[in-house]
Structure formats: structure tokens, C-alpha cells
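Down below is the structure, laid out as C-alpha cells.
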Amino acid sequence: MLRTRRRGPRDSNFMTVSIGTLLAAHAAGKRLKATIEETYDRIENHNDPALFIAIRPRSEALAIAERVQASGSEGKPLYGVPFVVKDNVDVAGLPTTAACPAFAYSPVRSAFVVERLERAGAIVIGKTNLDQFATGLVGVRSPYGVPRNAMRPDLIPGGSSSGSATAVAAGLVPFSLGTDTAGSGRVPAALNGIVGLKPSLGALSTSGVVPACRTLDTVSIFARHVGDAFAVFQAACGFDEEDAYCRPFPQPALSALPSGIRLGVPRLNQRQFFGDSNAADAFTRDIELAESLGARIVEFDFEPFAAVARLLYEGPWVAERYAATKPLIENNPDALHPVTRSIIEGARKFDAVAAFEAFYRLADQKRKTAHVWSEFDAMLV
């Protein structure tokens with residue numbers, strides 16, 4: 001699923017660090033070291049101490065750029081492109097904290113997707129802030145602070161992949177990695193006016209990723225353009241035998257928008273804006289814009305989808321988060337953010353019977369909603 005929002009003002013660097021711009025500059029002879037120097041300068045000028053949890057020393061990144069350049073650009077679709085990684089995804093040489101200092105460890109190997117991107121020529125700059133253990137959609141549940149929303153600093157950045165979204169939206173890097181279990185990639189993308197790509201489950205390996213809900217976790221991609229996000233997806237996509245949930249995934253070409261595309265929107269009485277009339281008006285304008293571009297709007301019953309969302313947030317799937325943090329939450333629960341702890345400890349009220357009952361309800365909702373995908377091509381919510 002791709003989530004975008006109308007863009008607000010950006011600084012003059014905004015378009016200069018797109019993937020296409022960088023690749024063209026490198027092909028024309030620009031040194032990769034110069035690209036890395038400019039990236040670190042942008043990070044310093046942005047001056048958001050809450051954006052990164054760990055950042056690679058400039059000298060180390062420059063040395064990596066030299067090695068990448070020495071090996072040549074052939075077979076490297078992301079040759080010299082800098083990127084950042086959410087700090088629940090392993091990068092060798094940098095600590096992984098999941099925004100919990102007591103949980104921190106030093107991985108000896110990068111996550112599968114990071115290794116693939118590095119083989120494609122991309123260069124990791126640092127690890128970004130997040131809602132602790134990727135639990136939350138707000139971006140404020142971290143002991144490392146709250147990254148600034150790149151569009152409006154008075155608003156929350158969204159989460160859980162807060163730093164990864166704001167880094168791209170602020171023009172620091174052309175793309176970043178996050179994770180998305182229940183919106184953690186798409187929500188901060190929307191709140192910062194960029195593209196958030198949530199791949200299908202199993203399309204990208206989650207080896208080397210701190211689990212949230214392992215049966216639902218995906219590695220997400222942030223970029224400014226759909227084409228950039230798709231290029232990163234293509235480079236990161238590959239079958240990983242070590243990930244039980246990974247599967248071979250076809251890579252179709254990115255096509256032009258089909259004429260007469262059908263967009264599904266919730267019925268008028270099911271659109272919830274919680275008293276925010278500006279948001280309601282903006283959604284109406286977006287529907288009208290889509291129609292003006294040739295889309296056909298199809299209203300549908302959103303309630304079954306809302307029921308599944310409630311099942312995920314309020315049901316026994318939270319036990320997966322408990323399983324992922326079990327040693328810490330049982331032996332040192334005060335190390336967790338209070339809200340994160342409260343959510344994860346809620347798993348204790350569920351038993352095996354509740355889990356199976358939830359699986360049955362999920363299967364029922366899947367059957368009830370399967371028909372809608374024959375009625376429209378994409379969902380606008």
C-alpha cells in the first residue's frame with residue numbers, strides 16, 4: 001500500500017537528493033565522497049537531535065563511499081545513494097536499540113534487506129528514532145526524543161517509523177527503511193507528505209529485524225516518489241531461506257496509471273475525522289481531485305476493515321509483542337516507556353482460546369471483504 005499526502009514547502013535541497021538526480025550526477029562524474037559530504041552537511045544543518053539514535057562517523061561513511069566507487073557502478077542500481085535505517089533493523093557496526101537502551105545490542109551482521117541494498121551500491125548513514133519497539137503510530141514514545149515533523153514542527157511526526165519518515169521528508173536522504181505492522185510506515189509518510197510503501201507480507205525479508213508482531217511485520221520504504229520507492233523495493237527484494245515468512249515474489253514492471261482507475265472510498269457515514277473539519281474537507285478535496293484526474297469513485301462498506309483493525313490493536317496479536325520482549329518485560333519492565341509497557345502487558349489477559357477465536361473472526365472478515373477487490377482497484381482512506 002502506498003500512502004501519500006500533498007506536499008508543503010521544502011528547502012532548496014529537496015529535489016537535489018532524489019535517487020534519479022543522484023544517479024545521473026554520479027554517472028556524469030560526481031564523486032561519491034562529495035555526495036556523502038553533502039548528506040552530512042544537510043544533517044548538521046537540519047539540527048534535529050531526536051532524529052537519529054546512532055549515526056555513522058562521517059569519516060567511516062566517506063571510506064565506504066571510496067570503496068563503492070573503486071568497485072564501479074556496474075550492477076549497482078543504487079550506486080552511491082545514501083540512506084538511513086529505522087533502529088529496529090540491524091546494521092553491522094551500529095547498535096540496535098529499538099528505542100530502548102536496556103535492550104541494546106551490537107549486531108555482527110546487517111539485516112538481509114540492508115545487505116541487499118548495500119550490494120546495490122547504497123550507503124547507510126545512520127539509525128533513526130522510533131516509537132519504542134515499533135509500538136505506536138504517533139512518534140512520541142521514545143526516550144531519545146521526538147523527531148520534528150518536516151512539514152510542520154508543531155505536529156507529531158507519526159510513527160512508529162518517525163525518524164525514517166522525517167529524514168526523507170526533510171531532504172536529508174532520498175530514501176529510508178522503516179517497518180510496518182499496522183501502519184508504522186504509512187502513517188508517518190502521510191504526516192510528512194512523502195511516499196510510504198508497505199510491501200506484501202513476505203516480499204521483503206525481516207531477518208535482522210526486531211519483531212513486533214512477527215506474523216504481520218514488514219520492512220517498509222520511504223521515498224519522495226513512487227518510482228524511487230519501487231526502485232528500492234526491487235533492490236531489497238529477494239528470497240531469504242533464513243526467514244520463515246519470506247517467499248519468492250514476482251517483480252512486475254512499474255506501469256503508468258491505468259485509465260478509468262476505480263478507487264474505493266468508505267461510505268460517507270463511515271469516514272471518521274474525530275471532529276477535525278479541516279481533515280474532512282481535505283479528504284473530500286482529494287476525492288474530487290482523483291475524479292478530475294479520471295478516477296471512478298466507488299463507495300463501499302468499510303466496517304469489516306475497521307473490525308479487523310480493532311482485532312489487531314485490541315486483540316491477542318499483542319501477545320506477539322510480549323513474545324518479542326519477554327525477557328525484558330518480565331525481568332526489567334521499568335526499562336520500557338510507560339505506554340509501551342502498558343500495551344505489551346495487556347497480552348497477559350489473552351489465552352490460547354482467545355487467540356483461536358480471533359483467528360476465526362479474522363477468517364470470517366477476510367471472506368466478507370474478498371469481493372470488494374473486484375469492485376475497485378485501490379482503496380482511498
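Read-outs throughout are calculated quantities, based only on the coordinates presented, and are distinct from any laboratory measurement. All figures in this text were calculated on a predicted structure; none of them were measured in a lab. Please note: Cβ atoms are built from the backbone with ideal geometry, for glycine as well, and neighbour counts cover all protein chains shown.
Points worth noting:
- Across region 135-232, the volume of the C-alpha convex hull divided among the residues equals 91 Å³ per residue.
- Fully extended contour minus Cα-Cα distance, from residue 28 to residue 345, at 0.36 nm per residue: 108.6 nm
- Distances between placed amide hydrogens fall under 5 Å for residue 91 paired with 111, all partners being 5 or more residues away or on another chain.
- A cut-off of 5 Å between modelled amide H atoms, ignoring neighbours fewer than 5 places along the same chain, links residue 379 with 264.
- Under 20 Å from the Cα of residue 86 - lysines, other chains or at least 8 residues apart: 127, 198
- Region 328-381: C-alpha gyration tensor shape, a/c 1.5 cut-off, then a/b vs b/c: oblate
- Reduced Cα scattering model of region 185-262, Debye log10 I(q)/I(0), q = 0.18, 0.25, 0.28 Å⁻¹: -0.82, -1.23, -1.32
- Restricting the calculation to Cα atoms, region 223-371 shows an Rg/Rh of 1.04 when the hydrodynamic-style radius is the Kirkwood one.
- Using θ = phi - 60° in the Karplus curve 6.51 cos²θ - 1.76 cosθ + 1.60, the 3J(HN,Hα) couplings for region 298-314 round to 10, 7, 9, 7, 8, 4, x, 5, 5, 5, 5, 4, 5, 4, 5, 6, 10 Hz; x is entered for Gly and Pro.
- Annotation: peptides 182-194, 337-349, ranked by per-residue average of other Cβ atoms within 10 Å with the highest first, follow the order 182-194, 337-349.
- Extension gain, residue 314-residue 270: 0.36 nm per intervening residue step, less the Cα-Cα distance, totals 13.9 nm.
- Simple spin-label estimate for residue 357 and residue 335 in nanometres, 7 Å along Cα-Cβ: 3.4 nm
- Loop-located GluC sites (Glu not before Pro) across region 14-82 with a Cβ neighbour count of 12 or fewer within 10 Å are 74, with loop assigned by DSSP.
- Sorted from greatest to least, the principal axis extents spanned by the alpha carbons of the chain come out as 57, 56, 43 Å.
- Phi angles across region 95-107 convert, under the Karplus curve 6.51 cos²θ - 1.76 cosθ + 1.60 with θ = phi - 60°, into 3J(HN,Hα) values of x, 10, 10, 6, 6, 9, x, 5, 8, 4, 8, 10, x Hz, Gly and Pro given as x.
- Label-to-label distance, residue 380 versus residue 293, with points set 7 angstrom from Cα along the beta-carbon direction: 0.9 nm.
- Estimated FRET transfer efficiency when R0 is 30 angstrom, pair residue 47-residue 21 (beta carbons, to 0.05): 0.80
- Taking amide H atoms as placed 1.01 Å from N in the peptide plane, the amide H of residue 56 lies under 5 Å from those of 126, 127, each 5 or more residues away in sequence or on another chain.
- Directionally averaged projected area (region 43-154, Cα convex hull): 7.9 nm².
- Shown in residue order for region 53-59 are the 3J(HN,Hα) couplings computed by the Karplus curve 6.51 cos²θ - 1.76 cosθ + 1.60 at θ = phi - 60°: 8, 9, 10, 5, x, 4, 4 Hz (x for Gly and Pro).
- Aspartates and glutamates with Cα under 16 Å of residue 76, excluding same-chain neighbours fewer than 8 positions away: 66, 115, 118, 228
- Charged neighbours of residue 94, selected by a Cβ distance under 11 Å, balance to -1 (K, R count +1; D, E count -1).
- Loop sites in region 256-319: chymotrypsin sites (Phe, Trp or Tyr not before Pro), DSSP, at most 16 other Cβ within 10 Å: 273, 274
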